[in-house]
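Let me begin by presenting the structure, written as structure tokens, before commenting on it.
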Amino acid sequence: MNRPLILRGGRIVDPSQDLDGVADVLVSDGRIEAVGQDIAGPDEAEVLDVSGQVVAPGLIDLHVHLREPGGEGKETIHTGSHAALAGGFTTVWAMPNTDPPIDDPAAVGYLRLAARVARGTQVMPIGAASIGQKGERMTEVGELVKAGAVAVSDDGAPVWDTGLMRRLLEYTQTFGIPVLQHAEDISLAGGVMNEGVVATALGLRGLPNAAESCIVARDIQLAELTGGHLHVCHVSARQSVEQLRLAKEKGLTVTSEVTPHHLILTDEMCRGYNTEAKVNPPLRTEADVEAVAQGLLDGVIDIIATDHAPHTYEEKEQEFDYAPFGINGLETAFGLSMRALVQTGRLTLSGLIDRMSCNPARIMGLEGGALRPGSPADIVVLDPDEKWTVDPTDFRSKSRNTPIAGWELVGRVHRTLVAGEVRFVRD
Ligand code: DOR
């Protein structure tokens, strides 16, 4: 057991209890013991001076791709879970589109074991929704949950069959888990970037907004029919936000996420056939960026999630048509979200922590996302004013694929504590 720890003199930002002020935090036995002024603590306590820094509940990312098994050239559970720590994340949910996919209990067990050995961030496995992620037969959801799966998804691909999606939304209620949907109508898919003037100028095939919003609309109706928990991944299209707004107004059990890149980047980034900006759903237009940001500010979209999708240099070096979709996101998520929302004066730091920590915990019923006595001591210490330049060669991630290399961001993570243990310190 670690010695008790006092984080001394930081600015505590915990939106879950409307807290924003200077105080100390006492951690013992992996939990928060107290938050308050001039905490003395036991004699043996280690004291860490964090004055001038922000102390907040650890960030929670409900959407990452860690690539193990089968894609270890891009990322492993070890490298991915340490990249997460460097990004301030104390918990991540790992998508099952590995090779083979995480579609049986043994694979879920493997992921949990590998994560424990890695001693990085906490990794919670998402099970596949269909066997082999083929979209045909439902997995043994109960067995996956028993092995430790926290949700099901075919992300990377949609659950396109309407009947299967209905049964998933019905059946998962038995286990109290959500269905995470990659909303993409496969009969409208086949493009490589957003459908619009930039795609036309580049001569590339487009993916229209409706490829996403049609499935969002369909699934909301299925959530209404079944009462199941639908969580829409990486919302990118303004029409999807309209659908989600209606779902919230009706009080349905529908939640959703937006990525940092969809909050700030547009399809203009694809000019020059820049494969670093190739992602699915694609970067869209200013109007879409504005709509998803407004959706997040209004609470129509609940959270920010990275969709951390590492790919190797060689894969991204291919022609635009052949390069894989995906952006490496864990280590830039906080700074990029700060730039999109806080530096533009649209959201406070506390509002951002809410959407990157408290809300993910709340919508999925997780422990964490709070600095209350009794909560797990999952904590991030960060400097919200520190300027830094994105240098992918510094990433803990095994891959370096990002369209924002060289960008100057403001806001940087300095320490990440998981269950009271300092697992990441920036030198
Ligand atoms: O851009 C993406 N990359 N979107 C996805 O849905 C899957 C992901 C991946 O696995 O690379």
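Taking all protein chains together, 233, 214 sort by accessible area into 214, 233, largest first [probe 1.4 Å]. Measuring r between the beta carbons of residue 46 and residue 205 and using R0 = 45 Å, the FRET efficiency lands at 0.20. To the nearest ten degrees, helix 77-86 and the longest principal axis of the Cα atoms of the chain are 60 degrees apart. When all C-alpha to C-alpha distances in the stretch 115-157 are sorted into bins of 5 Å, what percent of pairs does each bin hold, rounded to whole numbers? Spelled out bin by bin, the stretch 115-157 gives 6, 24, 24, 20, 14, 9, 3, 0 percent. Return the whole-Å distance between the Cα centroid of the stretch 151-213 and the Cα centroid of the stretch 367-411. Result: 28 Å between the Cα centres. Against the empirical curve 2.2 N^0.38 Å, the C-alpha radius of gyration of the stretch 174-271 lands at a ratio of 1.17.
Kirkwood hydrodynamic radius computed over the chain comes to 21.5 Å, based on all pairs of distinct alpha carbons. With only Cα atoms counted, the stretch 63-176 has Rg and Dmax values of 13.7, 41 Å. In units of the compact-protein estimate 2.2 N^0.38 Å, the stretch 325-387 shows a Cα radius of gyration of 1.24. Per residue, the convex hull spanned by the Cα atoms of the stretch 278-408 amounts to 137 cubic angstrom.
Average projection, convex hull of the Cα set of the stretch 261-320: 4.3 square nanometres. Nonpolar atom fraction for the chain, defined as the carbon and sulfur part of the 1.4 Å probe accessible area, stands at 48 percent. In the stretch 317-360, one over the average inverse separation of all distinct C-alpha pairs is 12.3 Å, which is the Kirkwood hydrodynamic radius.
Across the stretch 1-75 the C-alpha pair distances fall into 5 Å bins from zero in the proportions 3, 14, 20, 18, 12, 7, 8, 9, 5, 1, 0 percent. Exposed loop sites are taken as GluC sites (Glu not before Pro) in a DSSP loop (any state but H, G, I, E or B) with at most 13 other beta carbon atoms within 10 Å; the longest stretch of the chain without one runs 137-316.
Each residue, residue 348 and residue 317, gets one label point 7 Å from its Cα in the Cβ direction; the gap between the two is 4.9 nm.
Angle of helix 286-298 to the longest C-alpha principal axis of the chain, folded into 0 to 90 degrees and rounded to 10: 50°.
Listed by chain and number, the lysines placed with their C-alpha closer than 19 angstrom to that of residue 398 are 74, 278, 316; residues fewer than eight positions away on the same chain are left out. Each Lys and Arg Cβ is given +1 and each Asp and Glu Cβ -1; about its Cα centre, the chain then shows a dipole of about 240 debye. Positive-end ranking of 87, 126, 102 along the dipole of the stretch 7-148, with charges on Cβ about the Cα centre, is headed by 102.
Ordered by 1.4 Å accessible area with all protein chains kept, 278, 398 run largest first as 398, 278. A viscosity of 1.567 mPa s and a temperature of 4 °C, combined with the Kirkwood radius over C-alpha pairs in the Stokes-Einstein formula, give the stretch 242-348 a diffusion coefficient of 88 µm²/s. Sorted from longest to shortest, the spans of the Cα atoms of the stretch 351-427 along the three principal axes equal 40, 27, 25 Å. Expressed to the nearest 5 percent, the antiparallel share of DSSP beta bridges inside the chain is 50 percent. Can you give the Rg to Rh ratio of the stretch 217-281, both from alpha-carbon atoms, with Rh computed by the Kirkwood formula? My calculation of the ratio gives 1.10.
The values are calculated or read from the model by the stated rules, or taken from the named source; none is laboratory data. What you see is a predicted model; the values in this text were computed from it and never measured. Glycine gets a Cβ as well: all are built from the backbone with ideal geometry, and neighbour counts include every protein chain shown. When the accessible area is computed, the model is the full protein with side chains, heavy atoms only, and any ligands, DNA or RNA have been set aside. Shrake-Rupley method; radii C 1.70, N 1.55, O 1.52, S 1.80 Å.
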